[in-house]
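Right, one structure below, let's go through it.
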Amino acid sequence: MPRLLDKIDNPRDLKDLKPKELEQLAGEIRQELVARVTDNGGHLASNLGVVELTIALHLVFNSPHDKIVWDVGHQSYGHKLLTGRRAQFKTLRQFGGLSGFTARDESPHDPFGAGHASTSVSAALGMATARDLCGDDYHVIAVIGDGATTGGMALEAFDNVAHLGSKIIVVLNDNGMSIAPTVGALAKLLSKVRFDRRYYRVSEKGKRLLSSLPMGSKVWQVGEQIKSGVKGFVMPTVIWEEFGFAYMGPFDGHNIRELSSALIQARDYSHKPTLVHVVTTKGKGYAPAEGDAVYFHGVSPKDGSTKFAPTYSEIFAQTVLRLARKNSKLAVITPAMPEGNCLDIVQAEFPERVFDVGICEQHAVTFAAGLATQGFVPVVAIYSTFLQRAFDQIIHDVCLQDLPVVFAIDRGGIVGDDGKTHQGTFDISYLSLIPNLIVSAPKDENELQHLIYTAVKTKHPMAIRYPRGAGIGVEMDKELRLITIGKGEILRHGDDIAILALGATVAPVLEAAKELATRGIEAEVINSRFAKPLDSKLITDVASRIKRLLTVEENVLNGGFGSSVTALLQESGIIDVRLKSIGIPGEFVEHGTQDILRSKYSLDAKGIVRESLNLFTEADASSLLEIEPKTETEAAPL
């Protein structure tokens with residue numbers, strides 16, 4: 001039987017469907033989401049929770065003339081299916097395919113690209129202001145989750161809405177979750193709405209009573225004040241009214257008719273900013289996701305592989321737990337990512353010393369700084385892409401005061417399928433320029449635990465960036481040890497070329513060195529460990545002996561590790577070397593698997609071999625390429 005979904009090529013096609021057909025369509029969208037996301041990976045529970053809301057938005061508004069701004073954009077899969085991207089949906093999060101977030105260059109129905117939380121109200125207010133200045137007539141709708149409202153940027157935007165008064169519609173998708181359960185005072189206020197049904201009864205009775213009051217407008221105004229007071233007592237909506245919004249709701253987020261009616265009212269009858277409060281269930285319609293919305297928030301693609309080594313995130317959390325048992329002044333702060341950082345094991349044993357501050361990266365860093373001034377050792381556990389949001393706080397509140405805050409930076413380097421907004425390819429550059437901050441990257445999971453121990457023991461701010469995914473399976477030392485700050489190590493000796501690797505690039509560099517040896521080229525491999533401070537003595541000694549140097553990093557080349565090495569050699573007067581840096585050029589990295597993207601940027605063993613050969617003269621390279629590769633046992637020994 002043909003699916004209704006297959007007939008939807010444009011949001012306008014929805015307007016011809018009957019109510020029962022709309023319900024059928026919602027079911028078909030859910031089936032498509034479950035099938036595709038469990039194959040490709042992506043955000044599942046969040047998309048299942050907004051299916052009816054997505055349909056209702058496109059029924060009531062005329063995209064792309066009207067602007068629908070999805071906060072974060074991770075819940076826009078249904079929106080993509082309804083806006084002409086159904087045929088491409090199989091390419092979701094695949095290299096060269098659809099993004100897992102909204103993207104302006106992908107469709108005119110995505111008026112604002114996103115990937116980070118709490119941006120939608122600011123963007124929508126900007127669009128509405130532009131509309132008013134130009135005399136245009138389109139509607140602007142921001143769809144924001146209750147988790148994103150914990151972000152300071154969202155609250156700043158709400159405050160500006162109150163000042164400007166431009167007509168925008170904010171749809172508050174309230175499911176009690178960001179990735180983990182939403183935390184904070186606003187979340188508690190909203191939970192009163194979700195779980196206290198008295199409001200509905202009081203509201204209806206109050207409305208009937210107030211409508212029957214005599215004596216004209218004055219008594220009506222008194223009645224409105226009584227109504228507002230009762231509503232404020234039972235349901236804390238006053239906060240939205242103080243922000244200048246007309247509040248509507250709460251509404252059943254899985255009832256298309258009810259949602260459509262509410263959105264029509266917000267569209268047609270209000271001339272001021274309007275907040276439409278919608279209550280949804282994350283993971284709706286898929287029992288596993290409803291039962292565990294945290295686990296099914298984002299799922300990994302099916303690849304048939306088996307994980308033999310623990311992830312870097314797991315090693316981080318296990319190490320922090322060991323240290324927390326011995327140090328009562330160690331505290332951990334995370335901005336709404338306790339599960340992503342595997343902190344549940346620390347939280348279970350030391351709940352009073354693990355702080356989930358919500359989607360508030362700036363606050364997380366300065367909160368940590370405050371703890372540090374009082375003798376605590378705070379560990380800020382955060383993804384690389386999100387630490388960008390706290391750049392000023394790292395400089396002003398931590399490093400300027402030389403406070404011993406540890407930054408545990410997960411997902412450093414190429415992250416993969418989440419694409420441009422989530423790649424951790426800038427941290428080495430933007431952290432290395434900050435005085436007093438130590439910047440490090442472990443070569444494997446064993447070195448990670450020692451760097452964490454070192455960071456906790458040092459009296460200065462220190463950042464440790466490590467990659468997404470499983471470790472390489474090395475044996476773990478039982479005892480933790482200090483690593484000398486700014487000290488690298490030689491892992492393999494050679495005289496023909498020196499390869500300075502940082503962090504996760506060490507493993508493919510060692511693999512490349514073996515391949516080079518089969519071609520008669522002996523590579524010296526250095527595990528640099530520190531992007532700042534550099535091991536100046538080691539690097540200059542190597543550069544004085546070996547006149548071909550290659551630096552390798554999963555970071556943008558501008559201002560990165562290779563740039564620092566180049567500057568060091570110039571300052572040291574070592575200019576008679578052939579030097580090349582492998583890394584990310586000046587561009588945003590698209591979505592795709594880590595393997596595909598590393599191959600694209602020559603960050604795998606094959607690419608490193610190729611770039612190494614390019615450092616030899618053309619005559620040398622030609623002769624080397626003609627050499628019959630030796631077997632590994634025939635290659636020169638270490």
TODO: Tell me, yes or no, whether segment 124-131 has at least one residue that is closer than 21 Å to residue 420 by Cα and not in a loop (DSSP other than H, G, I, E, B).
DONE: no
TODO: Count, please, the residues in segment 529-543 that happen to be among the β-branched types (Val, Ile, Thr) and touching a Phe, Trp or Tyr at 6+ places or on another chain (Cβ under 9 Å).
DONE: 0
Open item on the list: I'd like the residue in segment 571-600 that is polar (S, T, N, Q) and crowded, with 17+ Cβ neighbours inside 10 Å and, out of all such residues, is farthest from residue 523 (Cα to Cα).
Closed with: 593
- [ ] May I ask you to list the residues in segment 553-606 that are without any contact (Cβ under 8 Å) to a residue 12 or more places away in the chain, under 18 Å from residue 419 (Cα atoms) and of a type outside the set (D, E, K, R)?
- [x] 599
Task: Search result, residues across segment 419-470 that are modelled with pLDDT of 95 or more, assigned to a loop (DSSP other than H, G, I, E, B) and of a type in the set (Gly, Ala, Ser) - done: 441
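With the condition being surrounded by fewer than 22 Cβ atoms within 10 Å (Cβ to Cβ) and out of contact with any Ser or Thr (no Cβ under 7 Å at 6 or more places or on another chain), I'd like the helices (runs of 4 or more DSSP H) fully within segment 3-89 carrying at least 3 qualifying residues.
Numbers: elements: 19-40, 45-48, 51-60, 77-82.
In segment 3-89, 19-40 are the helices (runs of 4 or more DSSP H) which contain 3 or more residues that are surrounded by fewer than 22 Cβ atoms within 10 Å (Cβ to Cβ) and out of contact with any Ser or Thr (no Cβ under 7 Å at 6 or more places or on another chain).
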Open item on the list: If I filter segment 500-508 for residues that are within 28 Å of residue 398 (Cβ to Cβ) and either surrounded by fewer than 15 Cβ atoms within 10 Å (Cβ to Cβ) or of a type in the set (D, E, K, R) (or both), do I get at least one hit?
Closed with: no
Task: Of the criteria (1) within 13 Å of residue 47 (Cα to Cα); (2) touching a Gly at 6+ places or on another chain (Cβ under 8 Å), which one residue 78 fails - done: (2)
TODO: Identify, from the list 534, 568, 550, 603, the residue that is surrounded by 18 or more Cβ atoms within 10 Å (Cβ to Cβ) and under 22 Å from residue 437 (Cα atoms).
DONE: 534
Task: Selection from segment 332-368 of residues that are surrounded by 23 or more Cβ atoms within 10 Å (Cβ to Cβ) and among the small types (Gly, Ala, Ser) - done: 336, 358, 364, 368
Task: Among residues of segment 373-392, those that are surrounded by fewer than 21 Cβ atoms within 10 Å (Cβ to Cβ) and not aromatic (Phe, Trp, Tyr), counted - done: 5
- [ ] Could you tell me whether any residue of segment 5-25 is touching a residue at least 24 places away in the same chain (Cβ under 8 Å) and under 27 Å from the mean Cα position of the chain (by Cα)?
- [x] no
Task: Test: residue 317 is at pLDDT 95 or above, within 23 Å of the chain's Cα centre (by Cα) and over 30 Å from residue 143 (Cα atoms) - done: yes
Task: Among the residues listed as 409, 434, 395, the single one being buried (at least 24 other Cβ atoms within 10 Å of the Cβ) and farther than 19 Å from residue 488 by Cβ - done: 409
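Can you find even one residue in segment 384-401 that is acidic (Asp, Glu) and in contact with a Phe, Trp or Tyr (Cβ under 7 Å, 6 or more places away or on another chain)? First the steps, then the outcome.
Taking segment 384-401 first, the residues acidic (Asp, Glu) are 392, 397.
Pick out the ones that are also in contact with a Phe, Trp or Tyr (Cβ under 7 Å, 6 or more places away or on another chain) and you get none.
The answer is no; no qualifying residue exists.
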Open item on the list: I need the full set of residues from segment 490-528 which are outside any strand (DSSP E or B) and of a type in the set (D, E, K, R), in order please.
Closed with: 495, 496, 511, 514, 515, 519, 522
Open item on the list: Under 7 Å between Cβ atoms, which residue pairs at least 6 apart in sequence (or on different chains) link something in segment 151-174 that is surrounded by fewer than 20 Cβ atoms within 10 Å (Cβ to Cβ) with a partner that is aromatic (Phe, Trp, Tyr)?
Closed with: 159/243; 162/243
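Given 403, 371, which one is in a loop (DSSP other than H, G, I, E, B) and of a type in the set (A, V, I, L, M)? Spell out the reasoning first.
Details: 371 fails: in a loop (DSSP other than H, G, I, E, B).
Going through 403, 371 in turn, just one is in a loop (DSSP other than H, G, I, E, B) and of a type in the set (A, V, I, L, M): 403.
The values are calculated or read from the model by the stated rules, or taken from the named source; none is laboratory data. All values reported here derive from a predicted model rather than from experimental measurement. For neighbour counting, all protein chains shown are included, and Cβ atoms are generated from backbone atoms with ideal geometry for every residue, glycine included.
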